[in-house]
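The values are calculated or read from the model by the stated rules, or taken from the named source; none is laboratory data. Quick caveat, the model's predicted, so the values are computed rather than measured. All Cβ positions, even for glycine, are placed from backbone atoms using ideal geometry, and neighbour counts span all protein chains on display. Protein only, heavy atoms only, side chains kept; ligands, DNA and RNA dropped before computing areas. Shrake-Rupley method; radii C 1.70, N 1.55, O 1.52, S 1.80 Å.
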Amino acid sequence: MSPAFTPVVAAAAAAPPIALGELTGTGDVLMLAPHPDDETLAAGAALAATWRSGRRAHVAVVTDGSRSHPNSARYPAASLAALRRREVTRAVRLLSGNSARPIWLGYPDLAAPEDPAAFAAVAARLGQILPDVSAIWSTWWGDPHPDHQRTWALACYLAARRPGCRLYACPVWGRVQGPAAAARFSGLRRFRSAPLRALKARALAAHASQMTPLIDDDPTGFTMATDLAEHFVDTDEIFIPA
């Protein structure tokens, strides 16, 4: 059965395209991914294009993704977190042409930072790269997932401390689930991903714990439906300016 898409997807199909330079500004890009795999789902092609252009992109993975299969005996939380860290490292290496590694912040799944003190701690950890960042990409405030919404709030905090920094939201679950109340998507743009879709597919496949039945001892665990994974690869990426 095909996924039921939300209005943001229909709006994206009719939205004007956006050039890479408009997304990145003149400095580095910081991508804040709530979980391992969100970097590829949300903006894998745009990240790959950034690296291919000779620019630097930093992928900071906020949580460890350890609750995707909470009842697995073969992959308890620590083992699953380690697996997902290996997966996102491989995905980022693929997208970057082996020139980048993710920054692993390591917050527990479903416990992304959500208050100014925690945001300041993240800013301190990212202190060496932030002065060169001219654009921050994150998941959309309308995504109906607490870690996605908290990661967006973190992105806003960091951008506010970088005068002139560009800030874009990239919907993930807001594409296929009812968005959070009062979520808006005015000014939505799409990044043309077609030239990089094969590479994005390879990077997404690196997240085998989420895209395949690799973890088969937890019937309650998460596995992304094939047609939904194909949607993220086969359609342009969505960027909503803050």
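I want to confirm something. Restricting to segment 55-99 and keeping residues that are surrounded by fewer than 17 Cβ atoms within 10 Å (Cβ to Cβ) and polar (S, T, N, Q), which single residue is farthest from the chain's Cα centre (by Cα)?
Selected residue: ASN71.
Please specify each residue of segment 84-122 satisfying the condition of being among the aromatic types (Phe, Trp, Tyr) and assigned to a helix (DSSP H, G or I).
PHE119
If GLU114 satisfies all but one of (1) within 24 Å of TYR157 (Cβ to Cβ); (2) open to solvent by less than 70 Å² (accessible area, probe 1.4 Å), what's the number of the condition it fails?
(2)
Please identify the pairs in which a residue from segment 102-123 that is on the phi > 0 side of the Ramachandran plot has its Cβ atom under 8 Å from the Cβ atom of a residue that is open to solvent by 50 Å² or more (accessible area, probe 1.4 Å) and at pLDDT 95 or above, counting only partners at least 6 apart or on another chain.
Qualifying pairs under 8 Å: LEU110/ARG67; LEU110/PRO146.
Could you list all residues from segment 124-149 that are assigned to a helix (DSSP H, G or I), touching a residue at least 24 places away in the same chain (Cβ under 8 Å) and either of a type in the set (Gly, Ala, Ser) or buried (at least 24 other Cβ atoms within 10 Å of the Cβ) (or both)?
ASP147, HIS148
Conditions (1) within 20 Å of GLY44 (Cα to Cα); (2) assigned to a helix (DSSP H, G or I), marked per residue:
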{"residue": "THR151", "(1), (2)": "yes, yes"}
{"residue": "PRO163", "(1), (2)": "no, no"}
{"residue": "LEU167", "(1), (2)": "yes, no"}
{"residue": "PRO179", "(1), (2)": "no, no"}
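Say whether the condition of being at pLDDT 95 or above and closer than 22 Å to TRP173 by Cα is met by at least one residue in segment 119-128.
no
In segment 25-34, is there at least one residue being over 17 Å from the mean Cα position of the chain (by Cα) and free of Cβ contacts under 8 Å to residues at least 24 places away in the same chain?
No, segment 25-34 has no match at all.
Being closer than 18 Å to TYR168 by Cα, open to solvent by less than 60 Å² (accessible area, probe 1.4 Å) and either in contact (Cβ under 8 Å) with a residue 60 or more places away in the chain or among the hydroxyl-bearing types (Ser, Thr, Tyr) (or both) is the filter here; which residues of segment 1-23 pass it?
Hits for segment 1-23 are VAL8, VAL9, ALA11, ALA12, ALA15, PRO17, ILE18, LEU20, LEU23.
Of the residues ALA159, ALA153, only one is open to solvent by 10 Å² or more (accessible area, probe 1.4 Å), under 23 Å from GLY106 (Cβ atoms) and touching a Cys at 6+ places or on another chain (Cβ under 6 Å); which?
Result: ALA159 is the single residue among ALA159, ALA153 that is open to solvent by 10 Å² or more (accessible area, probe 1.4 Å), under 23 Å from GLY106 (Cβ atoms) and touching a Cys at 6+ places or on another chain (Cβ under 6 Å).
Only one of ALA81, ALA73 is assigned to a helix (DSSP H, G or I) and out of contact with any Lys or Arg (no Cβ under 7 Å at 6 or more places or on another chain); which?
ALA81
So which residues in segment 8-64 are among the hydroxyl-bearing types (Ser, Thr, Tyr), under 16 Å from PHE191 (Cα atoms) and not in a loop (DSSP other than H, G, I, E, B)?
Of everything in segment 8-64, those that are among the hydroxyl-bearing types (Ser, Thr, Tyr), under 16 Å from PHE191 (Cα atoms) and not in a loop (DSSP other than H, G, I, E, B) turn out to be THR24, THR40, THR50.
If only one of ARG184, ARG197 is open to solvent by 20 Å² or more (accessible area, probe 1.4 Å), part of a loop (DSSP other than H, G, I, E, B) and basic (Lys, Arg), which one is it?
Exactly one residue qualifies, and that residue is ARG184.
Consider THR226 carefully, then state whether it is of a type in the set (Ser, Thr, Tyr), modelled with pLDDT of 95 or more, more than 17 Å from the chain's Cα centre (by Cα) and open to solvent by 10 Å² or more (accessible area, probe 1.4 Å).
When the stated conditions are applied, THR226 passes them.
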